[in-house]
Amino acid sequence: MQINKLLAVIVVVLIAVIVALIAERVVSRCGAPKLVALPTSGAAFLGTAGLGMVILSYLTSS
């Protein structure tokens with residue numbers, strides 16, 4: 001059972017990384033400088049990972 005929770009956490013973090021990379025690319029393509037795109041991708045990572053962990057803890061609480 002512990003391995004399943006660990007794998008679920010790894011999947012959530014990988015999804016958050018992908019969302020952050022996509023957010024950085026989208027903001028860069030819109031013409032924003034790197035000093036704006038990097039914090040945006042960081043915020044996207046933290047938001048996605050945080051929301052994913054909340055959902056994961058709700059689903060695996062039983």
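The values are calculated or read from the model by the stated rules, or taken from the named source; none is laboratory data. Keep in mind that this is a model prediction, so the values were computed, not measured. Positions of Cβ are generated from backbone atoms using ideal geometry, with glycine treated the same way; all protein chains shown enter the neighbour counts. For accessibility, only protein heavy atoms count, side chains too; no ligands or nucleic acids. Shrake-Rupley method; radii C 1.70, N 1.55, O 1.52, S 1.80 Å.
Annotations
- Subset of region 20-62 [in contact with a helix residue (DSSP H, G or I) (Cβ under 8 Å, 6 or more places away or on another chain), open to solvent by less than 60 Å² (accessible area, probe 1.4 Å) and closer than 30 Å to Leu6 by Cβ]: Ala20, Ala23, Glu24, Thr40, Ser41, Gly42, Ala44, Thr48, Ala49, Gly52, Leu56, Thr60
- Count of region 10-62 residues, restricted to those that are of a type in the set (Gly, Ala, Ser) and not in a helix (DSSP H, G or I), is 4.
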